[in-house]
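See below for the structure under consideration.
The values are calculated or read from the model by the stated rules, or taken from the named source; none is laboratory data. Since this is a predicted model, take the numbers as computed values, not measurements. Cβ placement follows ideal geometry from the backbone for every residue including glycine, while neighbour counts extend to all protein chains displayed. In case anyone asks, the SASA skips ligands and DNA or RNA and just uses the protein heavy atoms, side chains included. Shrake-Rupley method; radii C 1.70, N 1.55, O 1.52, S 1.80 Å.
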Amino acid sequence: ETASFRVYLMDFRFKVGANYFNSKTKGNVFPVFNNNQFQLANIADTKSHGFEMSFDADIDISGSFKYHPKIVFSSNRIKVDKLYSQNERLPVNGFSNVSNNLIEGESVGVIVGSAYARNRSNHIIIGNDGFPLIDSEPQIIGDPVPDFNLGISNRFTWERLSLNIVVDIQKGGEVWNGTQNTLNYLGVSEESAINRTVTNFIYEGINQQGLENTIPVDFY
C-alpha cells in the first residue's frame, strides 16, 4: 500500500510519501551446502513486512541557488516461514564454526556459532579452571537484519553546478568479523595484546555445582 501527497507553498515545494508492504515468497532460492559445495536450491518460504517513509523538497534559496533535501526512513523484517528440509537449520554462507543460517521463525541469515554454556536461568557455567564452558550445540549469536535504515540526502544546485551530501544510518544488523577473529586467534590483534595484561579476572557465572564463580584467571 502506498500513499503520498505534494504541497506547494510559494518557493517551497515538498512531498511526503509512505509505503507499507507485507509479502510471502514460496520456494525462495538460497545457496545450500551439498556435495562439498554450495548449490542454489528452492529451499524455504519467507515472509517479509515493513514500511518506508520519505520526505523530499525543492527550496528556491536565491535566484539559481536551490536546495533539494530528501529523507528516507525504512524498516524491513524478513523471516523464514517454512524450511524444506528435515534439518532444524540450514547454513547458507560461512564456515564450519560460524555461519549464516535458515531457521524457521527466525530472521533470514541469522548468525549461528559457538557460545558459552548457560543454565536454565541464563547464567554462564564456569569450568573448574575458572574459564566459561562452551555449549555443545551451536547457538544463534547474531541477527543480520537491521532495525531500521535512515538515508539523508542534501543536494545543492547553482546554475550547472551540483553538490550532493549523503548520510546513511543503520541501527542494528549484526555481522561476524572474521578478520578480527583470525587476528585474535593468532595473537596479533590489539585486543589480544591488551588481554595479555589481564590478571586475576573472575568471570561472572556459576560453577558446575551451582555456586557463584570465585576462581581468578590470567588471560596470558
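Among residues of the range 184-220 being open to solvent by 70 Å² or more (accessible area, probe 1.4 Å) and in a helix (DSSP H, G or I), the one that is nearest to Asn100 (Cα to Cα) is Tyr185.
Checked against (1) touching a residue at least 24 places away in the same chain (Cβ under 8 Å); (2) among the charged types (D, E, K, R); (3) more than 30 Å from Phe201 (Cβ to Cβ), Glu88 passes all but condition (1).
Give me the residue from the range 112-163 that is in a loop (DSSP other than H, G, I, E, B) and closer than 30 Å to Ser64 by Cα and, out of that set, most open to solvent (accessible area, probe 1.4 Å).
Taking the range 112-163 as the starting set, the residues that turn out to be in a loop (DSSP other than H, G, I, E, B) are 114-115, 117, 119-123, 127-131, 133, 135-138, 143-145, 159-160.
Next, only the ones that are closer than 30 Å to Ser64 by Cα stay: 159-160.
On the way: Glu159: 124, Arg160: 235 Å².
Per the criteria, the residue is Arg160.
A residue that is within 25 Å of Ala57 (Cα to Cα), in contact with a Ser or Thr (Cβ under 9 Å, 6 or more places away or on another chain) and aliphatic (A, V, I, L, M) occurs somewhere in the range 147-160. Of all residues in the range 122-146, those that are farther than 14 Å from Val217 by Cα have Cβ atoms under 6 Å from Cβ atoms of residues that are buried (at least 16 other Cβ atoms within 10 Å of the Cβ) and aromatic (Phe, Trp, Tyr), 6 or more apart or on another chain, in Ile124/Tyr116.
Let's see how each residue does on (1) at pLDDT below 95; (2) touching a Cys at 6+ places or on another chain (Cβ under 9 Å); (3) within 30 Å of Glu159 (Cβ to Cβ):
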| position | (1), (2), (3) |
| --- | --- |
| Asn36 | yes, no, no |
| Asp45 | no, no, no |
| Asp56 | yes, no, yes |
| Phe65 | yes, no, yes |
| His68 | yes, no, yes |
| Ile71 | no, no, yes |
| Asn87 | yes, no, no |
| Asn93 | yes, no, no |
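Which of the following residues is open to solvent by less than 60 Å² (accessible area, probe 1.4 Å), under 30 Å from Gly109 (Cα atoms) and either in contact (Cβ under 8 Å) with a residue 40 or more places away in the chain or in a strand (DSSP E or B) (or both): Asn19, Asn42, Asn93?
Working: Asn42 fails: open to solvent by less than 60 Å² (accessible area, probe 1.4 Å); Asn93 fails: open to solvent by less than 60 Å² (accessible area, probe 1.4 Å).
When all the criteria are applied, what remains is Asn19.
Quick test for you: out of Phe156, Phe201, Phe148, pick the one residue that is under 24 Å from Asn76 (Cβ atoms) and either aromatic (Phe, Trp, Tyr) or in contact with a Phe, Trp or Tyr (Cβ under 7 Å, 6 or more places away or on another chain) (or both). Show your work before the answer.
On the way: Phe156 fails: under 24 Å from Asn76 (Cβ atoms); Phe201 fails: under 24 Å from Asn76 (Cβ atoms).
Being under 24 Å from Asn76 (Cβ atoms) and either aromatic (Phe, Trp, Tyr) or in contact with a Phe, Trp or Tyr (Cβ under 7 Å, 6 or more places away or on another chain) (or both) holds for just one of Phe156, Phe201, Phe148, which is Phe148.
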